[in-house]
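Before any comments, here is the structure.
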């Protein structure tokens with residue numbers, strides 16, 4: 001009974017804080033003149049134009065073609081693919097996985113990159129409930145991780161069934177990086193390297209929060225025994241809790257997103273999608289500057305591109321195609337409200353921490369990769385990449401003492417130090433214990449949350465990805481050679 005009372009009390013506190021944050025949203029939207037904003041005809045026409053460019057199945061956005069992947073459960077994922085024009089030689093496979101509130105189009109700079117597409121097949125899916133993909137009733141761990149694993153396995157088979165791949169790299173952002181962390185920990189056979197951007201590690205962040213609370217509690221306890229003599233302990237305890245206060249403030253929107261659905265739907269509609277536009281402005285500026293109006297900072301064209309990226313296809317792109325090639329019916333149903341509440345399922349259904357019971361098909365496919373190595377069934381080399389990866393995750397340990405959620409595949413973790421969503425202490429402290437061998441943490445001083453969109457950090461990310469296309473050694477050497485002009489540096493090197 002006590003745990004039930006505690007549960008409902010904590011839920012009440014979370015809802016109260018969520019309502020407070022919602023009130024702050026209203027204040028900010030009012031301050032920048034957006035609370036009563038309504039779309040004008042020019043904005044509507046510009047959005048339709050960009051949606052046609054990004055989402056018409058007849059177009060080739062950034063040189064890529066639209067495709068659909070049918071899952072075992074009958075649902076379809078929309079994705080774009082870009083295949084090098086030269087058919088000769090082996091090809092790398094790079095899979096880009098987006099986060100909230102985006103779609104494949106958030107990777108437009110990487111898809112358009114001549115450097116990445118020269119010798120690599122680029123693939124960027126829309127997550128379930130996003131972009132042009134079907135909806136899932138639940139966005140919990142099992143359906144989402146099963147779907148993405150099945151998709152990646154399908155891409156490996158599609159492109160490498162008759163030849164050996166060079167390398168498979170998975171690049172992720174935001175909620176796509178939550179998926180990336182879990183796949184690197186629970187299905188490391190899927191890729192030679194994971195490049196994971198702009199998200200808290202699900203178990204590490206909880207561990208950091210818990211450790212700071214416990215440490216401060218002990219300091220407070222000692223302070224109370226003799227308050228007059230132990231003021232320094234009080235200051236230390238409060239200082240130790242400061243990053244948690246910062247993270248609570250920066251995560252406030254998550255509490256608002258977990259309010260009852262009618263309220264969250266209103267958040268999406270308020271002020272002509274004000275919250276989406278706020279996120280787009282942060283992607284453009286890379287700064288946590290919520291109070292200045294976004295109007296002079298971004299052009300109408302940029303705003304339309306960002307909205308088309310987040311909203312997905314319009315009604316004009318959902319008709320006129322054969323049933324097995326056109327967008328799923330769910331996509332057209334999402335158009336009136338922009339799919340806001342369906343997108344929020346990713347915040348509400350336990351994707352970061354719920355158990356993933358792999359299907360028999362997934363277990364068999366991953367075991368086959370274990371037996372073949374990550375280079376596929378026709379690999380002529382004696383080097384078993386997956387075997388090397390598995391052993392590296394526990395290198396130097398007599399027993400496997402890795403914490404829960406530790407990665408078993410080489411990974412490069414990328415953070416922008418101006419990211420308004422995270423406190424660096426909560427995000428990065430202790431990360432080394434969660435990484436396998438040949439892994440790194442790269443921080444970019446002048447980057448915000450959307451490292452793949454902001455001009456300078458997107459070039460840095462492109463360089464990181466291209467460096468690992470040849471080999472881990474080349475990629476690691478490239479990281480160690482990052483120059484001061486990029487604002488990027490390696491802080492952890494395992």
### Message
Quick check on my filter: what residues within region 132-161 are under 21 Å from residue 341 (Cβ atoms) and in contact with a strand residue (DSSP E or B) (Cβ under 6 Å, 6 or more places away or on another chain)?
### Response
132, 133, 134
### Query
Only one of these conditions is not met by residue 23: (1) modelled with pLDDT of 95 or more; (2) surrounded by 13 or more Cβ atoms within 10 Å (Cβ to Cβ); (3) over 24 Å from the mean Cα position of the chain (by Cα); (4) part of a helix (DSSP H, G or I). Which number is it?
(2)
### Query
Is at least one residue of region 135-157 surrounded by fewer than 24 Cβ atoms within 10 Å (Cβ to Cβ) and farther than 29 Å from residue 408 by Cβ?
yes
### Summary
Within region 468-493, the residues that are touching a helix residue (DSSP H, G or I) at 6+ places or on another chain (Cβ under 6 Å), crowded, with 20+ Cβ neighbours inside 10 Å and under 22 Å from residue 122 (Cβ atoms) are 468, 475
### Task
Identify the residue in region 158-183 that is over 19 Å from the mean Cα position of the chain (by Cα) and within 21 Å of residue 70 (Cβ to Cβ) and, among all such residues, is surrounded by the fewest Cβ atoms within 10 Å (Cβ to Cβ).
161
#### Entry: Scope region 26-44; condition within 29 Å of the chain's Cα centre (by Cα), in contact (Cβ under 8 Å) with a residue 24 or more places away in the chain and part of a helix (DSSP H, G or I); matching residues
26, 28, 29, 43
### Message
Given the condition surrounded by fewer than 23 Cβ atoms within 10 Å (Cβ to Cβ) and either over 13 Å from the mean Cα position of the chain (by Cα) or not in a strand (DSSP E or B) (or both), answer yes or no: does some residue in region 184-191 qualify?
### Response
yes
### Message
If the requirement is being in a strand (DSSP E or B), touching a residue at least 12 places away in the same chain (Cβ under 8 Å), surrounded by 17 or more Cβ atoms within 10 Å (Cβ to Cβ) and in contact with a helix residue (DSSP H, G or I) (Cβ under 8 Å, 6 or more places away or on another chain), which of these qualifies: 95, 50?
### Response
95
#### Entry: Checking residue 280 against (1) part of a loop (DSSP other than H, G, I, E, B); (2) at pLDDT below 90, the condition it does not meet
(1)
### Task
Go through region 110-138 and give me each residue that's free of Cβ contacts under 8 Å to residues at least 40 places away in the same chain and in a loop (DSSP other than H, G, I, E, B).
118, 137
#### Entry: Search result, residues across region 98-109 that are buried (at least 23 other Cβ atoms within 10 Å of the Cβ) and in contact (Cβ under 8 Å) with a residue 60 or more places away in the chain
98, 99, 101, 102, 103, 105, 106, 107
### Yes/no for residue 293 being more than 25 Å from the chain's Cα centre (by Cα), modelled with pLDDT under 85 and either part of a helix (DSSP H, G or I) or farther than 30 Å from residue 411 by Cβ (or both)
yes
#### Entry: Counted residues, region 139-177 - those being in contact with a helix residue (DSSP H, G or I) (Cβ under 9 Å, 6 or more places away or on another chain), modelled with pLDDT under 95 and assigned to a loop (DSSP other than H, G, I, E, B)
3
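The values are calculated or read from the model by the stated rules, or taken from the named source; none is laboratory data. It should be emphasised that the depicted structure is a prediction, and the values quoted were computed from it without experimental measurement. Every residue, glycine among them, receives a Cβ derived from its backbone with ideal geometry; neighbour counts consider all protein chains shown.
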